[in-house]
2 protein chains.
Amino acid sequence: MNLRQDIHNSEIPVLCRSCEARHRGLCGALGSAELLALAKNSSRLCIQPGTELIGDSESVESFSNVLSGVVKLTKTLSDGRQQIVGLQFAPDFLGRPFKNESALNAEAATEVSLCSFPRLAIERMMRESPELERRLFRQTLRELDEAREWMVTLGRKSAGEKIASFLLLIARNIDPAAPAGSRTASFDLPLTRADIADFLGVTIETVSRQLTRLRTEGIIRIEHNRHVTVDDLGQLEARSGR
Amino acid sequence: MNLRQDIHNSEIPVLCRSCEARHRGLCGALGSAELLALAKNSSRLCIQPGTELIGDSESVESFSNVLSGVVKLTKTLSDGRQQIVGLQFAPDFLGRPFKNESALNAEAATEVSLCSFPRLAIERMMRESPELERRLFRQTLRELDEAREWMVTLGRKSAGEKIASFLLLIARNIDPAAPAGSRTASFDLPLTRADIADFLGVTIETVSRQLTRLRTEGIIRIEHNRHVTVDDLGQLEARSGR
DNA sequence: CGATAGTTTGACACAGCTCAATAGGCGTGG
DNA sequence: CCACGCCTATTGAGCTGTGTCAAACTATCG
């Protein structure tokens, strides 16, 4: 009986036991048998910032869960102008169902750890588990909402409002210690100034100027160029243009 | 036998027989029994330009197919600045699965005809027909791709490139006579200058100036303010910034 | 300690915004 | 049929926010 219990426990793959994606992410849709099947083909990857994960118009043969770090999704015009069209945080899913050609680039913005599966494994499971497909669907809807939210920022906000909106976005997604609804935040920026510029549709110089403006006005503090502290998120929100 | 045949034909609801959505749209996922069930609760609406279809943060109790015309999806900042975050053409689907609160406004940009169902009817069918859910999923993915494409336009293109991109978008979706791959196009603009401005994140005046620029340079012709003819789409593409 | 990459700061230019005037289209009513 | 008002679009003149280019500063690392 004791033995039996042990066997039962071991039905959840070792790899998955402490994995966040199993709870809040995609794998929460799977039963232990399915998890086991998937885990057989999955591998954990640890990836350095700057590494390209998916190339534009490459065919994509794997799907992944983001376990930690930030992945940026970018699009580039023929003359080299670039725009970041999305950021993926843990436990987001990376990959495009129903299409094996990507229309965008995915690149590690920070150090990133992934749990990666072959495309076919996911597609098979999707056919068998409606719950899995539904989770993917929900994430896609969320990404669509976020993309549209960002379109307003890109099309209608001033540079200052863009920076404030960006800091709020990061604060909400990154700050490790943030109890939901907290009025302060402190975090490392996952993006360089150049990345922030590409996300906001402005230049590096404008990003820099607006950050120093927020700093001199006492809205934020910046240490080591990357670490930002916001003492009053309300003040930041007031500058984000809402 | 003859009778039997007749009965068989009549299994497709009258309303649906000539409906485009049954072929290219959502309803293509449904068998005749399901179509029949849905048609019982569906109604056709004909809507005047400017009519609000879905209000921001209203609860949405119906879903619709766009049968003709153009619907604009907008978001508004607290101070009134507005951004169009999507355009829906026939046979697109209107509605937000898994959420009955809309985060945006939907408004008829032109005269629009809709086929509308109660939310519950669609949700029930979605649970029963994986194919239906899959079609919704695919449309959502397509909308996400389009939103991201547009983010590049908003963030990185000049006013002239934005206008060219916009005209191409409309040409591809509206021109009734356009054989795919045609090198010319002729169509009525579904949006006013103010709407175009809200879509492109610029002012009315800028839209006007860039349109006259394209006109004086011989890229497009404009009649009655609304009708646009493009003799060489290639030239327009060259100015769209790609 | 020099080299390199990332960031900040300054001076200036210009695309696109603002404000204002004009023009065109269209329905209503005399 | 014209006159009028209303709405939309165009055009002009000047202003300003953001881009461009260049230089200085800082951090990190061999």
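Any read-out appearing in this document is the output of simple, stated calculations on the displayed coordinates, not a laboratory observation. Bear in mind the structure is a predicted one, so any value in this text is a computation, not a measurement. No Cβ is skipped: glycine too gets one built from the backbone with ideal geometry, and neighbour counts run over all protein chains shown.
Please label the shape of the protein assembly as shown as rounded, prolate or oblate, based on the square roots a ≥ b ≥ c of the eigenvalues of the alpha-carbon gyration tensor (a/c under 1.5 means rounded; beyond that, a/b larger than b/c means prolate, else oblate).
Because a/c hits 1.5 or more and a/b fails to exceed b/c, the protein assembly as shown counts as oblate.
Pick out, in residue order, every one of the GluC sites (Glu not before Pro) in region B:161-242 that is DSSP loop and has at most 16 other C-beta atoms within 10 Å; say none if there are none.
For GluC sites (Glu not before Pro) across region B:161-242 that sit outside H, G, I, E and B with at most 16 neighbouring Cβ atoms in 10 Å, the list reads B:Glu217.
Percent relative contact order of chain B, based on C-alpha pairs within less than 8 angstrom and at least six residues apart?
Averaging sequence separation for qualifying contacts and normalising by length gives 18 percent for chain B.
Taking amide hydrogens as modeled 1.01 Å from N in the peptide plane, which residues meet the under 5 Å criterion relative to A:Ile220, leaving out close sequence neighbours?
Amide H neighbours of A:Ile220, under 5 Å, 5+ apart: A:Arg215.
Output ³J(HN,Hα) for region A:161-170: one whole-Hz value per residue in order, computed from phi by the Karplus curve 6.51 cos²θ - 1.76 cosθ + 1.60 with θ = phi - 60°, and x for Gly and Pro.
With the stated coefficients, region A:161-170 comes to 5, 4, 4, 4, 4, 5, 4, 5, 4, 5 Hz.
Of B:Leu120, B:Leu214, B:Leu73, which is the most mobile in a GNM of chain B whose springs link Cα atoms less than 10 angstrom apart?
Highest fluctuation of the listed residues: B:Leu120.
Within chain A, how many Lys pairs that are eight or more residues apart, or on different chains, come under 29 Å at the alpha-carbon?
8
Can you work out the Karplus-derived ³J(HN,Hα) for every residue in region B:85-93? Use 6.51 cos²θ - 1.76 cosθ + 1.60 with θ = phi - 60°, whole Hz, and x for glycine or proline.
Values per residue, Gly and Pro as x: 10, x, 10, 10, 10, 4, x, 5, 9 Hz.
Is region B:185-225 rounded, prolate or oblate when judged by the Cα gyration tensor, a ≥ b ≥ c being the square roots of its eigenvalues, rounded requiring a/c under 1.5 and prolate requiring a/b larger than b/c?
Because a/c hits 1.5 or more and a/b fails to exceed b/c, region B:185-225 counts as oblate.
Okay, which of region A:67-87 sit inside 17 Å, backbone N to the point 7 Å along the Cα-Cβ direction of A:Leu45?
Once the point is set 7 Å along Cα→Cβ of A:Leu45, A:67-74 turn out to lie under 17 Å by backbone N, inside region A:67-87.
In whole percent, what relative contact order does region B:1-145 give with Cα contacts below 8 Å and a gap of six or more residues?
30
Quick one: label points 7 angstrom along Cα→Cβ at A:Leu120, distances to the other copies in nm, smallest first?
4.5
Could you let me know the centre-to-centre spacing of region A:33-47 and region B:164-242, using Cα atoms, in angstrom?
That distance is 49 Å.
Rounded if a/c is under 1.5, else prolate if a/b beats b/c, else oblate: with a ≥ b ≥ c from the C-alpha gyration tensor eigenvalues square-rooted, which is region A:54-125?
Because a/c hits 1.5 or more and a/b fails to exceed b/c, region A:54-125 counts as oblate.
Given the rule -39500 (n - 2.57) for each run of at least 4 DSSP H residues, summed and divided by the residues of chain B, what is its mean residue ellipticity at 222 nm, to the nearest 500 deg cm²/dmol?
Rounded to the nearest 500, the figure is -13000 deg cm²/dmol.
Pairs of Cα atoms under 8 Å, at least six residues apart: use those to get the relative contact order of region B:38-124, whole percent.
49
What list of ³J(HN,Hα) couplings, whole Hz, do you get for region B:70-80 from phi and the Karplus terms 6.51, -1.76, 1.60, once you set θ to phi - 60° and write x for glycine and proline?
10, 10, 9, 9, 10, 10, 10, 7, 4, 8, x
If you take the Cα Rg of region A:2-139 and divide it by 2.2 N^0.38 Å, with N the number of residues, what do you get?
Normalised by 2.2 N^0.38 Å, the Cα Rg of region A:2-139 equals 1.13.
Send over the per residue convex hull volume for chain B, Cα only, as a whole number of Å³.
Value for chain B: 143 Å³ per residue.
Using modelled backbone amide H atoms (1.01 Å from N, in-plane), which distant-in-sequence or interchain residues come within less than 5 Å of A:Phe63's amide H?
When sequence neighbours closer than 5 places are left aside, the close amide H contacts are A:Phe117, A:Arg119.
For chain B, with the dipole built from +1 on Lys and Arg beta-carbon atoms and -1 on Asp and Glu ones, taken about the Cα centre, which of B:Leu77, B:Gly55, B:Ser182 lies farthest toward the positive end?
B:Ser182
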